Each structure stands twice: as structure tokens, then as C-alpha cells.
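These notes are about the structure you will find just below.
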Amino acid sequence: MRNALIKVLLPLSFLFGDGLKSPSEFLGYDLGDHFTYHHRVVSYFEHVADAASNVKLIPYGETYEQRPLMVAVISSDENMTMLEDLRKDNLKRAGILKGKPGQKKVGIVWLSYNVHGNEANSTEAAMKTLHALADRQNRDTQKWLENTIVILDPCINPDGRDRYAHWFRMTANRWPDADPVSREHMEPWPGGRTNHYYFDLNRDWAWQTQVESESRIALYNQWLPHIHVDFHEQGVNNPYFFAPAAEPFHEYITDWQRELQYILGKNHAKYFDKNNWLYFTKEVFDLLYPSYGDTYPTYNGAIGMTYEQAGHSRGGLAIETEDGDTLTLNDRLTHHYTTGLSTIEVASEHMDKMVSEFSQFFTKGMKNPEGEYTTYVIPRTNADDKVNALKSWLDQNGISHGIASGSKSIKGFNYTTGKSSQVRVKKGDMVVSAKQPKSVLVQVLFEPQTALRDTMTYDITAWSLPYVYGVDAYAVKGDIKSTSAKQFSFIISPIVSRPYAYILPWKDIQDLKFLAFLFKHKIVTRVSEEPFSLDGKDYDAGTLVITRKGNESMGRKFDDVVNEGAIANGRRLVAAKTGFVSKGKDFGSSSMRVVKRPKIGLVSGDGVRSYAYGEVWHFFERQIEFPVTVVDSDYFNRIPKHDFDVLILPGGSHGYLNTEAMNELRHWVRAGGRLILMDSAMDRFVDQKGYGLKQFATKDEKKASEKKNKERNLAERLKSYKDRQRDGVSHSLPGAIVKVKMDNSHPLAFGYDDTYFSLKLRNRRYAYLPRGWNVGTIQDSTAIVSGFVGYKAQENFRESMVFGVEEMGRGHVVYISDNPLFRAFWYNGKLLFGNAVFIVGN
């Protein structure tokens with residue numbers, strides 16, 4: 001009888017959650033006492049999923065350091081039994097899936113924690129929130145879950161979080177030291193904010209260049225939640241920020257998306273007021289740049305929001321704030337826990353209207369889209385690689401596209417010329433219609449000119465996809481009939497003959513990746529410095545020519561390796577039977593220059609922006625798969641430079657370079673080295689002995705500028721204090737697209753036309769090089785194509801060098817003032833950087 005009673009009671013105790021442990025019970029310490037390692041967070045989530053029938057874990061990938069990525073899905077038992085049907089019904093309401101949704105409606109709330117690894121309280125808050133949702137004794141949460149599904153991602157960035165957690169545990173005192181000058185509040189380079197490659201994952205939502213983002217967005221688009229919250233931390237003296245967001249709101253954000261932000265903010269304020277916690281709203285954090293954890297969901301129909309808690313990496317376990325209070329980790333996680341539950345509460349209370357407005361968001365996009373244009377056309381004449389890269393991005397983001405089924409003339413905006421005119425759409429062109437479920441995302445990312453309601457924005461202000469991918473495109477106001485899209489592909493078959501040489505036009509990063517493959521396999525390769533013609537086909541300067549001569553030692557393996565590389569990288573080689581060209585220089589000419597595999601050094605550490613370093617690091621390891629030696633700045637001055645063919649200095653102050661080091665670099669370049677200076681790294685070399693880099697071309701120009709600044713400073717002494725922030729905007733260049741004139745006869749610009757659309761990120765001018773090659777230049781502010789540039793910043797556009805090469809002895813200094821690798825999403829800039837590394841002066 002006793003045994004039978006136990007068998008009955010066990011399931012009942014399980015049902016009411018007696019088997020469920022709190023985070024403190026499971027971890028062996030109270031939340032707030034330590035920063036929990038990621039593997040223990042995963043273990044706790046697995047425990048909760050085992051103990052609670054209303055929790056399901058969904059793994060969605062791994063980080064670069066092979067830590068697991070996962071979400072927990074929590075709802076009522078009834079909803080969990082029909083979870084897949086509810087998910088599909090939501091996609092049917094969005095028009096993503098065909099069919100009529102079921103009668104039952106539920107709200108979907110997605111909570112994302114710890115996208116910045118050193119904003120580490122939020123993963124602690126995630127465990128507390130999960131427990132509250134799984135706890136059967138918590139009547140509030142169980143009631144909300146009756147009509148709400150919660151998707152909880154405890155840590156978007158496990159690699160960065162563990163980097164911070166390990167550092168803090170190794171560094172912190174036995175007892176928390178609240179003194180802000182204590183070393184436990186002074187996180188060293190590179191910090192834990194970023195992922196393995198030092199990318200800011202909160203700027204990668206739309207671009208998905210990082211494995212964490214790519215994996216997460218694939219899952220996100222399978223759900224399309226109605227609310228998404230991105231939990232963050234900010235400076236220790238800024239208490240707490242929650243919705244509503246600051247202006248500028250993008251003009252496509254709906255009235256309902258604004259309204260629910262206010263409703264949520266008022267509900268949060270109720271709890272914060274009750275506890276006398278400080279907070280602020282409608283400041284700093286705007287809704288414009290499309291690749292944030294609030295804007296990307298917003299442009300996908302959700303109410304996307306950022307919540308910012310005081311703390312950040314300086315918070316530690318306890319820190320004294322400027323008002324004399326002590327902010328603890330427990331305080332921080334409690335605030336995030338409170339807004340998380342408050343968000344779910346509001347979602348539950350407004351579920352019907354929230355789901356209805358969500359459906360209307362997509363219905364309007366399909367029938368009556370926002371924006372001036374309704375169709376975007378990418379002509380078939382564009383390079384296949386670029387069109388395929390764009391197509392892959394569209395597919396990743398669930399954006400429908402097709403192929404024009406006929407030809408027609410129609411008035412449209414030409415992205416290349418920047419003008420509206422009659423354009424010819426031809427059969428086979430790629431067509432992206434705004435009349436589709438992802439309409440708003442399409443409009444935001446294709447719009448030629450970003451609509452700014454307020455210039456005080458938090459990030460870049462231009463990102464139009466045709467410029468990103470370097471494709472000719474039109475935006476038109478009418479509809480274009482189309483059929484289903486297909487990949488512009490071709491079958492790569494090995495060349496079975498044993499030709500005199502293999503030829504590959506130089507057009508894309510995929511060609512660069514093929515060259516890297518050849519280098520790794522010790523294939524001698526030539527690059528044509530001039531155009532040539534052979535067998536009725538024209539080839540531009542930069543074309544790769546892989547002759548049998550010079551590779552004799554490989555025997556028959558030569559052809560096997562070349563064909564293997566071509567197939568692996570999707571390259572369509574041309575077999576040349578002769579080196580005797582019909583126009584230009586023959587294959588034995590000195591203009592067919594051998595390019596050799598370079599030994600590359602990349603500088604990291606203090607004095608280098610970690611983002612800038614990470615972008616270069618990721619480029620070599622993940623994009624072209626070519627090894628690079630990383631040299632830290634703290635010993636860079638002590639190592640011999642002659643071992644390297646190329647040295648790359650990413651953006652940063654580079655204060656470690658003393659006079660002796662600058663001289664040593666100059667001598668190394670003169671002996672044949674190639675020094676690549678990227679964006680702000682160039683500032684360290686302005687007006688330095690032996691380098692031709694200057695801000696002003698002449699002394700008279702410098703004097704005139706100084707006089708103008710002096711006059712302006714006198715006038716600005718009478719400016720109003722209340723306008724101090726707006727006055728700073730006039731000097732601002734947060735990120736705009738500009739048209740750069742290119743000398744594509746120079747190796748730095750091989751593979752490009754005579755114009756290049758660059759993403760300009762800094763209000764900094766460099767004069768034309770007095771000796772050397774001004775490869776990419778801007779004449780004046782008419783070069784601005786899209787985005788905001790303050791009127792005072794526009795003065796720095798006059799006669800400026802953007803990309804240049806200075807010959808120094810037998811070597812070269814390459815100047816790249818606009819970073820083509822920024823966030824790894826500016827596809828069309830990657831070949832230019834490859835030219836700097838592998839082609840210029842090689």
C-alpha cells in the first residue's frame with residue numbers, strides 16, 4: 001500500500017515542480033555572488049527542462065569556440081502539446097506559410113540575454129527568469145503562459161561572456177571591492193564584449209557574418225515573435241533604460257509598435273517606482289540602424305526593444321556610483337528580471353491586439369507596402385558572384401525574390417548614377433518586390449536614401465544593399481512580373497587538357513580565395529598588369545594567369561591542384577593553348593608579374609581597436625582561409641620585421657609606435673616591405689618623417705583652415721548650452737555612403753570600375769599624396785550618396801585621398817582610410833583589401 005501511494009505521489013510532486021531547483025540550489029551559491037560560467041548555465045537550463053514539462057530546450061548551433069547555443073521555450077502544458085502548430089499558425093498570420101491559421105491565438109515573446117559578453121548580469125537574470133516561468137507555484141507567470149509562449153536565449157555570446165567571467169574570477173579580490181579604481185573594474189584589451197573574432201554581435205543581426213548570428217536568425221525566422229527584448233548594460237552611473245526608445249524612429253515603424261512601447265514602459269515604471277529604482281526613457285537608444293537586436297525584430301513585425309542596466313564590465317560584483325550608492329550584481333540582475341517578467345505580463349494582457357496588429361503588419365506589406373518604390377531590379381549583367389552573394393543573403397533573411405519573366409521600359413532610380421530616368425528591365429534580371437511578407441525589411445535595406453527624422457542617431461545612417469554588394473540596380477514604382485528565382489550558377493568541370501596556361505578574371509572575393517588556395521599549394525601565379533585579349537575574349541588588368549612554366553616541379557599534380565581549387569571555389573577557368581595574345585602583352589612579358597605567397601603580420605593589442613583587428617582576423621581565417629601571424633603591440637617594437645612581407649596595422653591609436661619604431665618601419669618598407677595602414681591607424685603617420693601622408697596639401701591650406709576654425713570657435717562661444725549635443729552633430733559623420741573616383745589601372749583597384757561606393761565612417765581628411773598614387777579620391781561633398789554628414793564635416797570632403805599607395809624604396813605603404821572590412825558586411829570592399837595584401841607591390 002505504501003509503495004503504491006509513493007507511485008501516485010511522485011508524478012503529483014513532479015507536476016507541481018517540487019523536483020525543480022532554484023538557480024541558487026542548483027549552483028550552490030546565490031545569484032549575484034559570482035559570474036556563472038556558461039557550461040553551468042547550460043546545465044541549469046537542462047535541469048529545468050528535465051524537471052518541468054512546460055519547458056523545452058532547442059539547440060541552434062555552436063560558437064566559434066564550440067560552446068552550445070540554445071533557447072528555452074516555455075508556455076502552458078496545453079500550449080506545449082501543440083507548440084509546432086502554434087508556431088506554424090504564427091507564420092501563416094505573417095504570410096510566410098500558406099494556409100489558414102487555427103483558432104487559438106498566443107503571443108510570442110523572445111528574450112535575448114548577454115549579446116555583449118561583459119554585460120554579464122543578464123545571463124544571471126535569465127536563470128532567475130526561467131525559474132519563475134517554470135515554477136508551478138508562481139501563479140502570475142502560470143497565468144501569463146496560458147496565452148503566451150516565451151522563448152528565452154540565456155546567452156547570445158557565450159565566448160565573450162566566458163572571456164569576461166574567467167578574467168573577473170582570476171582578477172577579483174576575495175571580497176568585492178567597490179572602489180571604481182580597483183583593477184577588478186578595469187577590464188583589459190580586448191574585453192569580453194565581443195565574440196571570438198571581436199565582432200559586436202548586436203551590430204550583426206541583419207548581416208549575419210558571424211556564426212552565432214547566422215544560427216540564431218535561422219531560428220528566429222522560424223518563429224517571428226511579437227515582442228523581442230535585447231538585454232544590455234551601460235555605464236555604472238546611468239541607472240536603467242527601457243522603452244519607449246529615442247528618436248529617430250524609422251518612418252516605417254507603425255503606430256502600434258510605438259504605442260506598445262509606451263504601454264510596456266509605463267508597466268516597467270510601475271515596478272521601478274514601487275522600489276524607488278531610477279530609470280530613464282526616450283533617450284540615446286534610437287530605432288534606425290537595421291542590424292540591432294531591437295530594430296531587426298522591429299522591421300520583422302515585432303515590438304523590438306533594448307533594455308539597458310547600469311553596470312557593464314566595470315560593474316563587477318559591486319561598485320560605488322557617483323551618488324555614493326553601491327550597485328551590486330544582485331541589484332542589476334533583479335532589475336533585468338523585473339523588466340523581463342513585466343514584458344511578459346503586458347504581452348499576455350494585450351495578446352489579442354498584439355497578434356492582430358502583427359498580422360496587419362505583414363498584410364499591409366503584401367498589399368500596400370510603405371515607401372516610394374515597390375520593386376527593386378538587379379540586372380542580369382551584374383557579376384554572377386555578386387548576385388549570388390546577394391541572393392544568399394536574401395534567402396537567409398526569408399526575403400522572396402524572382403526572375404523577370406519579360407522585358408519592359410519603366411521609370412526608375414538608378415543606384416549607380418543616383419538619378420531617376422527611364423530604365424530597361426530585361427528578362428532574366430533579378431526582381432525583389434516590396435509586395436511580400438518581408439516588405440518592411442526589404443524597403444529599409446534597399447531604400448536609396450535613409451529617411452532621417454532626427455540626425456542624433458546612434459550608428460551608421462546608410463546601408464543600401466546595391467552599394468553593399470557593388471551591383472548595378474534600379475528602384476522602380478511599378479510591378480515587374482517574375483518567376484521563381486534560381487541561383488545564377490554553372491557546373492564547374494575540370495579542364496582535362498593540359499593547357500599552356502589557366503586564366504581567371506579578377507572580379508570578386510571568391511577569386512581572391514582561389515588565389516589563397518594556390519598560394520597554400522605552392523602554385524606559381526602571375527597577374528596581368530595590363531588588359532589583354534586572347535581567342536576573341538578581352539581580359540582586364542588584374543587577371544590571374546597560371547602558366548605551366550614555373551610549375552614544372554609539380555608535374556601532373558599541377559593540373560590536379562589547379563582544377564581542385566577551381567571546383568572548390570566555384571571558379572570557371574579558361575584554358576589558354578598559347579601565350580601569344582592578340583592584344584596587349586604576352587604571357588612572358590614583365591607585365592605578367594609573378595605574385596608570391598606573402599608572410600603576413602597582423603598587429604593586435606593595446607593601441608589597436610579590437611573591432612578593427614577582429615575584422616581583419618576574421619577576413620583571413622573565415623573568408624579567404626589564409627594564415628596570418630598575429631603580433632601583439634606590447635612586443636611589436638622588439639621583433640625583427642624582415643621576416644614579414646606584409647605588415648597590417650588595423651584602426652587604432654598605435655601609441656606604442658615610438659620614433660625609433662617609426663624609423664624602423666620606414667627602413668623595412670624601403671627594403672621591400674608592404675605596410676598597410678587602415679582607417680585611424682593612418683593618423684599616427686600624418687606628417688611623420690619619410691611618409692607622404694598629410695592632412696593639408698600645403699602650408700597655405702593649413703593656415704587657411706586654422707583661420708577658419710579660429711573664426712568659428714569665436715562664434716561658437718556664444719552658443720546655447722542646451723544645444724551642445726546638436727552642435728556636435730554638425731561635425732558628425734556616423735556612417736554614410738560616398739562615391740569614390742578610382743584609378744582602376746592601379747593594382748590596388750584591380751577588379752573595380754572607375755567608381756567605388758565606400759562606407760565613410762570618420763570625419764577625417766587626408767590630402768592627395770604628393771608622391772605616390774592617389775588611387776581612390778573624393779573631390780567635394782557632391783560625393784555623398786546616402787546617409788547623414790554634418791555640414792561642418794562636409795568641408796573635409798574637398799580634394800581628399802581615400803585610398804592611396806606610396807612607393808618607398810623597393811617597398812610600398814598602402815593607405816586605406818575607409819575600412820572596407822567594417823563589420824564584414826560591405827561585400828564589395830573585400831577585394832580591394834585583398835589587392836592591398838596580395839597584389840600591390842608583390
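The values are calculated or read from the model by the stated rules, or taken from the named source; none is laboratory data. This structure is a prediction, so every number in the text was calculated from the model and none was measured. All Cβ positions, glycine included, derive from the backbone under ideal geometry; neighbour counts span all protein chains shown. Note: accessible area is taken over every heavy atom of the protein model, side chains too, but ligands, DNA and RNA are not part of it. Shrake-Rupley method; radii C 1.70, N 1.55, O 1.52, S 1.80 Å.
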Taking strands (runs of 3 or more DSSP E) that fall entirely within segment 269-376, which contain at least 2 residues that are in contact with a helix residue (DSSP H, G or I) (Cβ under 9 Å, 6 or more places away or on another chain) and modelled with pLDDT of 95 or more?
303-310, 318-320
All positions within segment 570-614 that are of a type outside the set (A, V, I, L, M, F, W, C), out of contact with any helix residue (DSSP H, G or I) (no Cβ under 6 Å at 6 or more places or on another chain), more than 21 Å from residue 541 (Cα to Cα) and not in a loop (DSSP other than H, G, I, E, B):
601, 610, 611, 613, 614
What's the number of the condition residue 57 fails, among (1) surrounded by 15 or more Cβ atoms within 10 Å (Cβ to Cβ); (2) touching an Asp or Glu at 6+ places or on another chain (Cβ under 9 Å); (3) touching a residue at least 60 places away in the same chain (Cβ under 8 Å); (4) not small (Gly, Ala, Ser)?
(3)
Kindly provide the set of residues from segment 369-390 that are surrounded by fewer than 21 Cβ atoms within 10 Å (Cβ to Cβ), among the polar types (S, T, N, Q) and in contact with a Ser or Thr (Cβ under 9 Å, 6 or more places away or on another chain), ordered by number.
374, 388
Determine if segment 408-418 includes at least one residue that is more than 20 Å from residue 97 (Cβ to Cβ), in a strand (DSSP E or B) and of a type in the set (A, V, I, L, M).
yes
Given (1) of a type in the set (A, V, I, L, M, F, W, C); (2) farther than 26 Å from residue 65 by Cβ; (3) in a helix (DSSP H, G or I), residue 130 misses just (2)
Residues that are under 34 Å from the mean Cα position of the chain (by Cα) and closer than 23 Å to residue 341 by Cα: which helices (runs of 4 or more DSSP H) entirely in segment 20-108 hold 3 or more of them?
38-51, 83-93
Can you spot a residue in segment 241-250 that is over 29 Å from residue 737 (Cα atoms), hydrophobic (A, V, I, L, M, F, W, C), assigned to a strand (DSSP E or B) and more than 21 Å from the chain's Cα centre (by Cα)?
yes
So, of the residues in segment 767-780 that are within 27 Å of the chain's Cα centre (by Cα) and of a type outside the set (A, V, I, L, M), which turns out to be least open to solvent (accessible area, probe 1.4 Å)?
776
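Evaluate segment 211-221: report whether one residue or more is buried (at least 24 other Cβ atoms within 10 Å of the Cβ), free of Cβ contacts under 8 Å to residues at least 40 places away in the same chain and not charged (D, E, K, R).
yes
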Per the filter on segment 532-557, residues buried (at least 16 other Cβ atoms within 10 Å of the Cβ) and outside any strand (DSSP E or B) are 540, 541, 542, 543, 548, 551, 554
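Going by the structure shown, is residue 111 in a strand (DSSP E or B) and open to solvent by less than 10 Å² (accessible area, probe 1.4 Å)?
Judged against the criteria, residue 111 is a match.
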Under 6 Å between Cβ atoms, which residue pairs at least 6 apart in sequence (or on different chains) link something in segment 501-523 that is among the hydroxyl-bearing types (Ser, Thr, Tyr) with a partner that is open to solvent by 10 Å² or more (accessible area, probe 1.4 Å)?
502/573
For segment 151-197, give me each residue that is loosely packed, with under 15 Cβ neighbours inside 10 Å and part of a helix (DSSP H, G or I).
166, 169, 170, 183
Counted residues, segment 636-663 - those being of a type in the set (Ser, Thr, Tyr) and at pLDDT 95 or above
2
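Yes/no per residue for (1) modelled with pLDDT under 95; (2) open to solvent by 10 Å² or more (accessible area, probe 1.4 Å); (3) in a loop (DSSP other than H, G, I, E, B):
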position	(1), (2), (3)
392	no, yes, no
400	no, yes, yes
421	yes, yes, no
432	no, no, no
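Here is a yes/no grid of residues against (1) within 30 Å of residue 309 (Cβ to Cβ); (2) touching a strand residue (DSSP E or B) at 6+ places or on another chain (Cβ under 8 Å):
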residue: 76; (1), (2): yes, no
residue: 95; (1), (2): no, no
residue: 104; (1), (2): no, no
residue: 108; (1), (2): yes, yes
residue: 127; (1), (2): yes, no
Residues of segment 198-208 satisfying the condition of being part of a loop (DSSP other than H, G, I, E, B) and open to solvent by less than 30 Å² (accessible area, probe 1.4 Å):
199, 200, 204, 205, 206, 207, 208
Name the one entry in 247, 251, 187 that is at pLDDT 95 or above and on the phi < 0 side of the Ramachandran plot.
187
